[in-house]
């Protein structure tokens, strides 16, 4: 499920997101998803199998 990947990726950026990250990681599916289907997502975060915009990897969420 793409929503689990997105949630895990975003929770990883929050100081209190540890439990949510662990639960999301357990529920990962095999395919890749985009963080936002309307954006150009040119980078792959392999641990979440999630494609994200390059700007999200350089300094955090815009």
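The numbers here are math on the coordinates, done by the rules we state, and not lab data. The model shown is predicted, which means the values in this text are computed figures rather than measured ones. Don't worry about glycine lacking a Cβ; one is built from the backbone with ideal geometry, like all the others, and counts go over all protein chains shown.
Numerical summary
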| item | result |
| --- | --- |
| Nitroxide proxy distance, nm - points 7 Å out along Cα→Cβ at residue 13 and residue 29 | 2.3 |
| For the chain, calculated [θ]222 nm from helices alone, where every DSSP H run of n ≥ 4 adds -39500 (n - 2.57) | -10500 deg cm²/dmol |
| Proxy reagent accessibility, fewest Cβ within 10 Å first, across 29, 38 | 38, 29 |
| Per-residue Cβ neighbour rank within 10 angstrom, fewest leading, 26, 4 | 26, 4 |
| Relative contact order [Cα under 8 Å, 6+ residues apart], the chain, whole percent | 28 |
| Ratio of the Cα radius of gyration of the range 2-58 to 2.2 N^0.38 Å, where N counts its residues | 1.05 |
